[in-house]
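The values are calculated or read from the model by the stated rules, or taken from the named source; none is laboratory data. None of these values were measured; they are calculated from a predicted model. Here the Cβ positions follow ideal geometry from the backbone for every residue, glycine too, while neighbour counts run over all protein chains shown. To get the accessible areas, we keep the full protein, side chains included, count just its heavy atoms, and leave off ligands, DNA and RNA. Shrake-Rupley method; radii C 1.70, N 1.55, O 1.52, S 1.80 Å.
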Amino acid sequence: MPTVCIIGAGYAGIHAAHTARAAGADVVVVEPTGQHDLAPRLAGVAAGRRPAGDAWAPITDLVDVTVVRARATRVDEDGPVVHLDGGSQLTPDAVVVTAGADASLPPVDGLDPATALTLKTAADALHLRDRLPEAARLVVVGAGATGVQLAAEAALQHPMLDVHVVEATDEVLGAFDPSLGRRARRVLEDRGVTLHLGVSIERAEDGAVVLADDTRLDGLVVWATGVAADGHALLPGARTRDGRLLVDRCLRVTGRVLAAGDVAAQRDVLGRVTAQSAQIALQAGRAAGRNAARIAAGRLPKPATLLDLGWVVDMGGRGVAQVGPVEIALPGLDLLVPVLHEAIDLRHLWQAGGANAVLGHAAGRHAPTPAEVRRAERPELRSVG
């Protein structure tokens, strides 16, 4: 059987693995944690509204693949060859790179990237889950989707918690239509969240931030300031755009190496570079996995058809969404957003792993052992195998 190696097991990676396997390839997934993090659920898990097991699923619960719990350090395009930490190598017939994007941190004086709290992984969510009950104040930096979700969920679950959101622009959910941002702002304010809009952060200290207007906010500080890609981490010679790997219409970086998800500057059907979102990663991952299997079997790849279907921001019981041209932001209608969110979540599980994935990992279904939770909290505890 032709062999396809998928690097990373996020939304792009898990769907690339599924479609490559369905196309007849022998699939190896390189992922140091051995798990697939369920990103849209992380804010709810961090706040304590969702159970801890909602944050992740073991890869092998979703797809029938070989999992190598190691970290890829470099991909040589000739071959291709995937180099792993520890010195071992893989020589598949095709590679799909879906890893290489991480939480973005702004250049703020005193901010230590090694210790800054973010919400990008299941480990991040579980760490915040442990610390929030003991915190008097939560300071969320960034009013994008992640920041808004976390602030709303935390304020709902911990009514006595003093929640603040700091945003350098004048808008909540500034990447969305203004009506969605206005409704999200109203939900946050109704839950007692204090908004600091149009003000930047002057410096960060241990357990505090100081704003440009000299306001000092002590508390648990979480940086929800976006996602940054580093395509050169695995492919030093590749062309990039804002850190994202440039790919052709078939999602190829070069002959036998493809890329998808947040690390790739893939384009939609209108030729526009796509946003870094789970639904785009899902579509691109499926296309990349299918094309990787074709390339591995000596066949020509096909152009990917990517379409931005909209956004869903679940704020715990309420939310805002845009589905195609339809905006869901009016009072009353915002109650539908969590239902829509759960439907999309179930669709993701069904497409990735069918009925078994839905039965095992629908919301509230995954009951991990204490040992499994400890491994998810500390993903550096792994083995190569």
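Distance between the 7 Å Cα→Cβ label points at L300 and H232: 3.5 nm. Per-residue ellipticity at 222 nm, computed for the chain from helices alone with -39500 (n - 2.57) per DSSP H run of at least four residues, works out to -9000 deg cm²/dmol. Taking all protein chains as they are arranged and a probe of 1.4 Å, the heavy atoms of S200 leave approximately 60 Å² accessible to solvent. With all protein chains kept in place, the per residue accessible area of the chain amounts to 43 square angstrom at a probe of 1.4 angstrom. Computed over the chain with a Gaussian network model linking Cα atoms closer than 10 Å, the most mobile of T369, T225, T274 is T369. Helix 178-190 and the long axis of the chain differ in direction by around 50°, with both axes built from C-alpha atoms.
For the chain, the share of DSSP beta bridges that are antiparallel, to the nearest 5, is 50%.
The share of accessible area on the chain that comes from carbon and sulfur is 51 percent, using a 1.4 angstrom probe.
Were the residues from T60 through A362 laid out at 0.36 nm apart, the gain over their Cα-Cα distance would be 107.2 nm.
Build a GNM of the chain with springs between Cα atoms under 10 Å apart, and of A228, A264, A175 the one that fluctuates most is A175. Specify the angular offset, from 0 to 90 degrees and rounded to the nearest 10, of the alpha carbon long axis of helix 11-22 from the longest principal axis of the alpha carbons in the chain. Roughly 30 degrees, rounded to the nearest 10.
Computed from backbone phi, the HN-Hα couplings of the range 205-222 come to 10, 5, x, 6, 10, 10, 7, 5, 8, 6, 5, 10, 10, 8, x, 7, 9, 10 Hz, rounded to whole numbers (Karplus: 6.51 cos²θ - 1.76 cosθ + 1.60, θ = phi - 60°; Gly and Pro given as x).
The listed residues D37, D190 rank as D190, D37 when sorted by accessible area, largest first, using a 1.4 Å probe. A simple spin-label model places pseudo-atoms 7 Å from Cα toward Cβ; at Q89 and R186 they are separated by 6.1 nm. Please state the shape class of the range 298-385: rounded when a/c is under 1.5, otherwise prolate if a/b exceeds b/c and oblate if not, all from the C-alpha gyration tensor. In terms of gyration-tensor shape, oblate.
Using the Cβ-Cβ distance between D214 and M1 with R0 set to 56 Å, the FRET efficiency from 1/(1 + (r/R0)^6) comes to roughly 0.30. Sorting M315, M1, M160 by solvent-accessible area of protein heavy atoms yields M160, M1, M315, largest first, with a 1.4 Å probe. Extension gain, V339 to D130: 0.36 nm times the residue separation minus the Cα-Cα distance gives 72.5 nm. Going by alpha carbons, how many degrees (0 to 90, nearest 10) lie between the helix axis of 145-157 and the longest principal axis of the chain? So the inclination is approximately 50 degrees.
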